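Heads up, the thing below is written out as structure tokens.
The values are calculated or read from the model by the stated rules, or taken from the named source; none is laboratory data. The model shown is predicted, which means the values in this text are computed figures rather than measured ones. So basically every Cβ, Gly included, is an ideal-geometry build from the backbone, and we count neighbours across all protein chains shown. Side chains are part of the model used for accessible areas, which takes the heavy atoms of the whole protein and leaves out ligands, DNA and RNA. Shrake-Rupley method; radii C 1.70, N 1.55, O 1.52, S 1.80 Å.
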Amino acid sequence: MDKEKKDLLVFGYGLGAIAVIFAVGGIHKHGFGLPQKTLLLCAVTFVLVTVLKWEALRPGYKGWMKVAHIIGGVVATGILGIVFFVLFAPVGLFLRLIGKDHLDMKTDPLKQTYWQKRAGHFKKDEYTHQF
């Protein structure tokens, strides 16, 4: 089975299952009204289209994927922004306040070089057999 067919089948059956879940939840909470009937009809329609002619789901799937990528970009940007401002920014400010320089980025005009000599020497075997 190729990837496109698999994606379309998952999309069709998944929408059908989601519609059934919402319909059952609505029936449980509000009774068997028009919204629940509509959701069940949508679920049956999605499953039938998926079983009989899964290629017909292609335009809806492509549109949904465009929307999903936009939503994913917004959510990822928001989560990363929150992580940065809640975690990394306070740690960085704290380290600046106490004067730590873990990357050794401070410049010293009196230094001749910033080269750091390593203790010990490496053997050729350590380069060719690293792990």
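Restricting attention to the chain, lysine pairs at least eight places apart or on different chains and with alpha-carbon atoms under 25 angstrom apart total 16. Computed over protein heavy atoms with a 1.4 Å probe, the carbon and sulfur contribution to the accessible area of region 11-131 reaches 72%.
Derived value for region 44-117: Kirkwood hydrodynamic radius 18.0 Å. Basis is the mean of 1/r over every pair of different alpha-carbon atoms. Surface analysis of the chain yields an accessible area of 88 Å² per residue, using protein heavy atoms and a 1.4 Å probe. Computed from Cα positions, the angle between helix 58-83 and the longest principal axis of the chain comes to roughly 40 degrees.
Tell me, how many Å apart are the Cα centres for region 95-131 and for region 31-91? Centre-to-centre (Cα) distance: 48 Å. Relative to the longest principal axis of the Cα atoms of the chain, the long axis of helix 89-98 makes an angle of roughly 20 degrees. At an R0 of 22 angstrom, the distance between the Cβ atoms of residue 130 and residue 102 translates into a FRET efficiency of 0.30.
What the Cα convex hull of the chain gives, in volume per residue, is 295 Å³.
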